[in-house]
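Contents: one structure, followed by commentary.
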Amino acid sequence: MPFRLMVEAARACYAARILRSPAIETAPRLGWRARLVITVLAALCATERQALTRTEDGVHQPRVSHRAHAHQPDAPPPPSATPPDDPPAPAPEKRPTNVHLVPSGTIALPGRGLSVAWAPDGRHLAVGGHFRDKETRLRYDTRVADVAARALVKSFACHWYWAVSQAWVDHPDYGPLLADGGGDHAVKVWNPDARGSSTCHPGQFLAADGALQQLGEINGWIMSLAFSPDRRWLAGASRDRTVRIWQVHPGPNAWRVVALWFDRDVGNFLSVDWSPDGRAVVTGDRRGRVAVWDVDPERDGWDDATIAQFARISYEDQVSWCGSHATLTSRVPRWSESGHDVIWNARWAPDGGRVAAAGTDGTVSVYDATTGEVLLRQTMPHPGSLNGLAWHPEGRWLAAGGSDQRIYVYDTTSKVLYDTLEGHDDLVTALAWSPDGKTLASTAGGPLLKEALVDVSDGPDQTVRLWRWR
């Protein structure tokens, strides 16, 4: 065999990463059978080299060893010479996001934001959650943000544990009021125009900071707060399985509980919201029930003697007191619907004729407020839970925050998913529209109640995000 042919054969084999035969190295003269084997080998090596190198035009692809492939379960199968009888369905098309609403800024938080409420003038936001000071590591307070500056400007401190619910109104008798509820089983009412707190010692409540009233003797976290539309009453949903109504307007019973109902079967009351006429509330609870309750504290609240008696009962004795006063602490809802795992939020529509609820079963439901008839039910596109919930002031759009880090905006008139908002990095816990409806505020601090996170302040998303219409 000519030496040049032997060299070419060796080079081809090297390029193809095939070891050269010892015969090529040591046998200058071979019989015709050996020469034939070497010639075939060289041709195969050259072909392999071509297959490895001629890939830039996309025509030739590297070969895949079927034997090697058999030991690589994650590798794709070799292409079939004939198409299958049933070709696979195409991958689902990704829904467009941020179509009608777009990000318009963020406000940095010192921890996991879990609740948000707008000031009536739309210029400030109150935010609660798991916050910690970098130095003291204790911040059981409510933070106030300047929306235009996109910055926190003051805080109101301090609960004995996380503040996780806020409500803000302008009151005709007191001026602006900001109420916050905490994991320390208390509600604190502040003057949001005051200077705020410069320190946060657990339990402090200083008049110089803006402290007005402290409402205690509650046997569980206050998960949700809502002032009535006429601002005469404050409703609170608690983990102690009660809904409380405090009188706000001045009088002998101001800041006292004037009505309460206790339900052993709810697990926890998690959400409460007033009807626009102030004569009913909607609630969501830990057992997956949404319910509408008729309540008019002016007409069917407790008498003065009962109000005074309850004010003397310690939180440890309230369950037994409720049991012995069942006619005063039991109510039958106007209607209810169960089966949603957990209802994190229930909200009354601005038109007064509808209520909405969102829960861990991943559905958002809109009901006729009078009859409970389901008017709209949508399931989020991806398996997960819905947590935050907020009606637009016009009553057409309903925003729901998902565990998949998205916000879903539903058009309740046409009954379709109107927009999907992306930008958060954790479960979207709380949502609120500005009073003029131009901005949506959201915070994504993760699950509101989860044992593994009960004392955790750091999270993947420590912001309030703002969204505006295009």
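The values are calculated or read from the model by the stated rules, or taken from the named source; none is laboratory data. If you're wondering where the values come from, they're calculated on a predicted model, not measured in any experiment. Glycine also receives a Cβ, built like all others from the backbone with ideal geometry; neighbour counts cover every protein chain displayed.
Among the strands (runs of 3 or more DSSP E) contained in region 306-375, which hold 1 or more residues that are of a type in the set (Phe, Trp, Tyr) and either assigned by TED's automatic domain parsing to the domain that holds GLY220 or in contact with a helix residue (DSSP H, G or I) (Cβ under 6 Å, 6 or more places away or on another chain) (or both)? I'd like the intermediate steps shown before the answer.
Working: elements: 335-337, 343-348, 354-359, 363-368.
In region 306-375, the matching strands (runs of 3 or more DSSP E) lie at 335-337, 343-348, 363-368.
The rows are residues; the columns are (1) of a type outside the set (A, V, I, L, M); (2) not in a strand (DSSP E or B).
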site	(1), (2)
GLY129	yes, no
ASP133	yes, yes
VAL144	no, no
SER155	yes, no
SER165	yes, no
ASP184	yes, yes
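Name the single residue that is farthest from ARG289 (Cα to Cα) among those in region 351-374 being surrounded by fewer than 16 Cβ atoms within 10 Å (Cβ to Cβ) and either of a type in the set (Ser, Thr, Tyr) or out of contact with any Ser or Thr (no Cβ under 9 Å at 6 or more places or on another chain) (or both).
Going through the qualifying residues, I end up with ASP351.
Can you tell me how many residues within region 438-456 are buried (at least 16 other Cβ atoms within 10 Å of the Cβ) and either within 25 Å of ALA119 (Cα to Cα) or outside the structural domain of ALA126 (by TED's automatic domain parsing) (or both)?
The qualifying residues number 10.
Inspect all residues belonging to region 83-101 and state whether any of them is at pLDDT 95 or above, outside any loop (DSSP other than H, G, I, E, B), within 21 Å of the chain's Cα centre (by Cα) and surrounded by 11 or more Cβ atoms within 10 Å (Cβ to Cβ).
yes
Does GLY129 satisfy the condition of being small (Gly, Ala, Ser), surrounded by 15 or more Cβ atoms within 10 Å (Cβ to Cβ) and either at positive phi or not assigned by TED's automatic domain parsing to the domain that holds HIS424 (or both)?
yes
Scan ALA211, ALA254 and give me the residue that is closer than 16 Å to VAL144 by Cβ, more than 28 Å from the chain's Cα centre (by Cα), surrounded by fewer than 23 Cβ atoms within 10 Å (Cβ to Cβ) and assigned by TED's automatic domain parsing to the domain that holds GLY323.
ALA211
Take SER271 and tell me if it is surrounded by 23 or more Cβ atoms within 10 Å (Cβ to Cβ), among the small types (Gly, Ala, Ser) and either modelled with pLDDT of 95 or more or under 23 Å from GLU373 (Cα atoms) (or both).
yes
Report yes if some residue within region 410-419 is surrounded by fewer than 22 Cβ atoms within 10 Å (Cβ to Cβ), assigned to a loop (DSSP other than H, G, I, E, B), under 16 Å from the mean Cα position of the chain (by Cα) and not polar (S, T, N, Q); otherwise report no.
Among the residues of region 410-419, not one is surrounded by fewer than 22 Cβ atoms within 10 Å (Cβ to Cβ), assigned to a loop (DSSP other than H, G, I, E, B), under 16 Å from the mean Cα position of the chain (by Cα) and not polar (S, T, N, Q), which makes the answer no.
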